Each structure stands twice: as structure tokens, then as C-alpha cells.
2 protein chains.
Amino acid sequence: MNWQTLFSQRMSAIEDTDVLKILRLAERPEIISLAGGLPDPAIFLMDEIRDVAAEVLADEGRQALGYGATAGLTSFREFLAEFTTNLGRPTTVPEVVVTTGGIAAIDLVAKVLIDPGDVIIVGEPSYVAALHVFRSYQARFVGVPLDEKGLNPEALENVLSDLKRQGIRPKLIYTVPSFQNPASVTIPEERRRRIVAHGAEYGVPILEDAAYRAIRFEGDAPPMMAALDPQNVILVNTLSKVLNPGMRLGWVAAPKLITDALILAKQGQDQCSSTIGQVMALRMGERGLIAKQTAVAIQTYRRKRDVTLAALDNAMPKQVSWVKPEGGFYTWLTLPKGIDTTQELDRIVEEERVAYVPGSAFHHARKARNHLRLSYSFAADDIIEEGVTRIARFFTQRLNRDAA
Amino acid sequence: MNWQTLFSQRMSAIEDTDVLKILRLAERPEIISLAGGLPDPAIFLMDEIRDVAAEVLADEGRQALGYGATAGLTSFREFLAEFTTNLGRPTTVPEVVVTTGGIAAIDLVAKVLIDPGDVIIVGEPSYVAALHVFRSYQARFVGVPLDEKGLNPEALENVLSDLKRQGIRPKLIYTVPSFQNPASVTIPEERRRRIVAHGAEYGVPILEDAAYRAIRFEGDAPPMMAALDPQNVILVNTLSKVLNPGMRLGWVAAPKLITDALILAKQGQDQCSSTIGQVMALRMGERGLIAKQTAVAIQTYRRKRDVTLAALDNAMPKQVSWVKPEGGFYTWLTLPKGIDTTQELDRIVEEERVAYVPGSAFHHARKARNHLRLSYSFAADDIIEEGVTRIARFFTQRLNRDAA
């Protein structure tokens, strides 16, 4: 069988990258990884989860092991509608679709909206897995650079009006407005208002990814874009950061016209999300355990953020700068122009036994080559310190060599 | 926002059908449903599942609640490789991808292979959800009618050579060779050998869906097509029938060139399948609990099959015939030409308060209008009897009215 000639065209858009190959190789125990955005396993409320699992299996185990409705269990959708309402977007049950995590939510939105060649406006940089989803629908990207306040409304409007002049109506503006992955910046309220206004004016929906919103260490949260304009913003969210990723639960909140389409599309994606996961998450939510665990998560990641920033301050050469995150899992480093973090990855893994994700992975056109993302969510405090020290040593030597 | 103009072209291929709307309305407690292919909740080994859940959460709960590798946990892939090997296809770990149920497996295969307009050869009738997946990739269908021995190799070869003459290489031959959903027929070994030979000869891979294979009531199982030709057959399978659907676990076994592509595609589908589900299913499998529950399932569904056949014998008018299933969840009824089971569904739900799935739902071109599928898997024995009696009464009256 000549399989190569059978592959779909979309597969040429999502080829395995060298970066992914190196990061897979770096998953050895002797290598410190500050690459993956994994939750700290220490935050899981194990006693409570054990109790809930036992109760669910005793009380309603046979239903929990069966199929559920494609849109999600009604009781769980009711819970998520209220949860989303409490986040600031008044939401009814028909406006909620349960998904198998956040990526599956983005996949469904793309399935419903994107034809090959359609334009999606993305930040530079953007969440790597969302770019992967959009590539698999053969979207074309138009980038808007981020600054220290995230997506710039003026730059966005320039792009929108440019495209309009070319007769192009983009299908989506994709954004992670709070603690953006990877740049860790948060869009302030005033910018959010202008961004949703531009979306409405140009008839382009905004896909708001609120994955990290709840993990805020300090300061006040600006409103969700979906709260500012519920009719034009599609909200995707996940329980992976506030509860756990192992149950694979996310959701979309959007106007019913959209959720109806998403439910149809989900019949061809996975038919239904984990029933037992939904029943357990519901019970945990009802008992306030999602809020309780979120509080533990915030405390944990705040401490790790502080450890990371102290280590960076302590060890990094002057020419390197980084974002001080107010929440989320990441910091984003800027190295002097000319340093290519993608090229260096191979060598730093080999020589210093430490891994990061290079900036190019997050750029729709593989740029941002003098940036890198550090994740402090998973590693223990002393490992973070050691990892940052190794990265600092590597780039200090690298810069000294350049200077010599 | 004018959302309608934003929808992708694929959405016009998967519009909500009247049949689906009626079946959703029929999900009221006062209506007997012989429509859905749901497992009997009585088969779940609740005590054992409770023990396994408690142990997993105690022993390795923090890992089980985290992210897993996209391809699946290595330990679980090892288990599935052995499981698949025992089914007759010698399988290595890299040849296995864990999926979020069977539909997600079919979705991944379609993502990797199907461009809009590509031809997929399907049985007439075929599994409705697989047709839905393929439609969402804008495939074109070419049908091969089934007979009492399933897919006819001669008819298949005629289709393949016709297409070849037109310069068309189909991307897949989709088949459920054992206890086909919905027609409940099984392809004998000799036909399987000829079908895989035709696939190899014409360079067309076969997508073998083995969902019901393990639920055999009597007789010997013919070999899987994937056992006869592991290099050209992509095997999709699910734990939904032998363990439970609530954990959402399925898998693909295929040559590594294909699974590599599926893993890449899965990064944009749901990133990973339920970690806790995989850990629990692995432990259940290691303790022989999948085999134990399969035995319970076979016993249960065999009894229900017998109840169904007795009720049909007892109540159905002479002009109606049906398949005597040797396994699986369904029987397939043939009514006299001129009876349109799609048209009658609305009325039978209203008048007799019983629901089936009309044949047209399973036909790529919405034909098979004088057929219907009855599922005996979920309803209790007396409910099956009552449901069959109501359907028989309805069509007896309908036929008498025609005769009058």
C-alpha cells in the first residue's frame, strides 16, 4: 500500500516539528523540563476526590458508566451555565456544550467555522496547540504582535481594515486574554472593550480562551470578553487548570445558534465526553471543591512564580528580560536579537540537561526566535531554581562567546 | 453578527435530520425506545469497578489525574497491543493509538486521510455515526449493498474497477464485518479474504470497525480482516461494548506510518484521552475483568436477543422479515416495499409510544426506507416484548389499511 499518497492535504500543514521531536527526547528523568504546561500533581485534593469517586460509583455508578448526551449531561450543563454566569457571562443551558478538554473545544469551533484558506487572526505569539488545531483545518493566519498589555486594538484594527480592503472576512480572532500562553500578558479592560467593538464592527467573532483566567495571583481581573459581548464572543474554557486534566473536561459557552452547530459537530468528534468524569466534576463543583482546589492552585503557582522570578533575577545575564506573570503557568523570556532559541534547544538539552519551549513553536510563521517559554507549574521549587540556573549559565556563555 | 455566513461548508453536509429530532423527542420516560445502541447498565461489574477506582486513586491518583501522552499511556498501549494481538493481529506498541471512544478513532482516521470530494466505499446500510464523521470531512460515498453475508466481494470489486476506470482511487473501504451495525450480519472468512485481497489489489485501505466483535452468542468467529492483512487494514475498536462507554476509550491498531499521523492529528483533536480512564481500564484488564464482564455481556445480550426474536415471531405480520443476530446489539427488519419507516416514525412514536431507528438513517443516500433497526441491548426483557408488540401492532394495522 502506498500510504503516503493517501494522506489528506491537511496533514502537510501539521507535520511533526524538530522542536516536538527534541522535547519528546527531553522527557528523560535526568533532564529538567520547564517545557510542558502540566499542573502540579500536589494540588489535587486526593481525599475529597477519593470520597467523590466512591460515592458516585455507589449512588449512580451504572448511569455514570453509560453513554451521556452529546451536548453533555443536563445536570452538568446546568452547573457549567451557572459557573459561566458567575464568571460574568450570563449563560443558559442550551448555550453550553461540554467538551473533552479545551483543545477539543477549539477543534469543534474550528470544525464548525473554518474552511481551507479561511483567515484566523492570532496573536504573535499564540498557544501552540490552538495553532495546531487551526492548521489542521488549513486556515491561513494573520498575526497581530502582542505587547506588554497583550493584543493591541489599534494593530488589530489595522489588520481588520486591511483584510476588509482585500475583500477578506476573517472567521475568528483567537485570543487568550488573561495570562496568555505563552507570553503571560493580560489584556486590560479598556483594550478588551475596544477589541470586542472591532470584532462586532467587522463582523468577526472572537474566540476567547479563558484557560488560565482563574489562576490569578494578585490584582483585579478585567471582565471576560464574553461578558462584554456575549453575542459575538465564543468562550472556550477547561477544568484542566482548576480541577484536573485527567478527566478531560472543557466547555464552550456561546449563542445557541453556535452551540447547536457544535453539538452536531461533536457527534462526529467523540459523540460524548466522559460521563463518569462529568458526574464527578459536578459533585465536586456542588461541594465547593473546585473553588477550594483553585485556591490551593493559586497559592502553589504564586509561590512557584516567585521562585522562578527570584532565580531569573539572580542568574540571568542583563541582556535577557522576562515577563512578571500576575497569574497562569508561564513566563516568557526575550533574549538579544541573534540568539535563536530553536537552534539552541538541541544543545542546551544535551549540555545542560534542561528543556524549554522555543518561541518559534508559538508563532504562526515560526518567528519569535529570540524568545522562549518557561513553565513553572509542574517542577518542584528547587528543580525550578536549578533549571533556571542552568538556562542562565548556558545563555551567559553563549552571549560571552558572541561578545568575545 | 451574521453567523450563518460564517459556517464552514462541512456543516451543510451534517445538518440535523428530522429523524434525529424525533428520536430526541422520543427520549421521554413514557416512550419505549428500541432505538439507541446503549449497553445494559446491569452488566457493569460495580463492586470490582469501585475497588479498582479506590485503588487507582490511592496508589497512583496524582498521575492518573494529570495529562497523559497523546498516543496514550505507554502501559495502556502495551496492554492494548497485547489485547489486539490476542484478537489475531500481531501488534506492537507503536502501532496502537488510544482514542476517546470509537467515533473519535474514526474521526482521526478521516482527519488523516480524507479531503473534500474523496470517495469512501460504504456498505448499504452503514453505521450512522461513521457516515456522520465521513460527511463532516465532505467525503463522497459509493455504496455496496449488503446481503445476508454482509459486504459482497464481487459487488465490491465491480465498484472498485468502475472507479478505477474513472481514474478514482477511493480513500477507504469502511466495514463493520462482525454483527454489523445496523444489519447485524457477519462476513464469513472466505469473503473477508477476498475483500482484503481486493483492497490490496486496488491500493485501497480497509477501515475495519470491530466494535461488536467480542459480543458473539454462538458459532466460531471468522478472523479479523486486520489479522488477514495487517499492513492494509486499519483496525478501530472500542472498550464501550466490553467494559463501558462512560470512560470513553477506544483505539486504533495500524501500521506505524499511520499511527504516527494519527497521533499528530490527535494533538489537534483532544490532546490526550482520559488518563484516569486509561489507568482504570488497564487495571481491570490486567485482572481479567474485561474478559469477565464480556462474558456477562454475552450472556445478557444473548438472552435479550432470544426475547426479541420470540416477540418478533409471535407478533410480526408475515410480510415482515428480520435478521437472526449471532451477536451484537441489533436486529434489522425488512418491511414490504412501499412502507416508509422514516415517514411512519413520527406517527408510531405518537400513537404507540415506541421508537426505532429507520433504515434511511443508516444509508449514505437516505435510502433503505422499508427497513428499521431494533436495538435489544438496553431495554429490560418485558420492555423489549412490549416494544416489539407495539411495533408489530402498528405495522399490522398499516399493512391491513393498505390491503383494504
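Here are the numbers:
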item: Entries in B:K21/B:K367; A:K304/A:K367; A:K171/B:K256; A:K266/B:K292 that, when Cα-Cα distance is taken, lie over 24 Å; result: A:K304/A:K367; A:K171/B:K256; A:K266/B:K292
item: Span from the the range A:149-184 Cα centroid across to the the range B:72-105 one, whole angstrom; result: 41
item: Using a 7 Å Cα-to-Cβ projection, B:R401 label spacings across copies, nm, ascending; result: 8.6
item: Inter-copy spacing of A:D115 label points, which lie 7 Å from Cα along Cα→Cβ, given in nm from shortest upward; result: 1.7
item: Rh (Kirkwood; distinct C-alpha pairs) - chain B, Å; result: 22.1
item: Taking the range A:46-290 and dividing mean pair separation by its residue count, relative contact order in percent (alpha carbons under 8 Å, at least six apart); result: 28
item: Among beta bridges that DSSP assigns inside the protein assembly as shown, antiparallel share in %, nearest 5; result: 55
item: Estimated FRET transfer efficiency when R0 is 60 angstrom, pair B:D18-A:T396 (beta carbons, to 0.05); result: 0.30
item: Charge dipole of chain A about the Cα centre (unit charges at C-beta), most positive-ward option of A:V296, A:I103, A:A221; result: A:I103
item: Among beta bridges that DSSP assigns inside chain B, antiparallel share in %, nearest 5; result: 55
item: Mean separation of Cα contacts under 8 Å (6+ apart) over length of the range B:252-404, as relative contact order %; result: 23
item: Förster radius 45 Å - calculated FRET efficiency between B:E78 and B:A365 (Cβ-Cβ, nearest 0.05); result: 0.60
item: Neighbour-count ranking [beta-carbon atoms within 10 angstrom, fewest first] of B:Y202, B:Y356; result: B:Y202, B:Y356
item: Extension gain (nm, one decimal) between A:D59 and A:N2, 0.36 nm per residue minus Cα-Cα; result: 15.3 nm
item: For chain A, calculated [θ]222 nm from helices alone, where every DSSP H run of n ≥ 4 adds -39500 (n - 2.57); result: -14000 deg cm²/dmol
item: Length-normalised contact order for the range B:241-300 - Cα pairs under 8 Å, 6+ apart - percent; result: 52
item: Percent of C-alpha pairs per 5 Å bin, the range A:271-310, short to long; result: 6, 22, 15, 15, 13, 12, 10, 6, 2, 0
item: Teacher prompt: A:E55 distances to equivalent labels in other copies, 7 Å Cα→Cβ, nm; result: 2.5
item: Other protein chain Cβ atoms within 10 Å, averaged over every residue that makes up B:113-121; result: 3
item: Whole-number D in µm²/s for the protein assembly as shown (Stokes-Einstein; Kirkwood sum over Cα pairs; 37 °C, 0.692 mPa s); result: 119
item: For A:99-110, mean number of other protein chain Cβ atoms within 10 Å; result: 4
item: Most mobile listed residue (A:Q166, A:Q267, A:Q343) in chain A, GNM with C-alpha springs under 10 Å; result: A:Q166
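All of the numbers you see were taken from the coordinates with simple rules; none came from a lab. Bear in mind that the values here come from a model prediction, so they are computed numbers and not experimental data. Note that we place each Cβ from the backbone using ideal geometry, even for glycine, and neighbour counts take in every protein chain shown.
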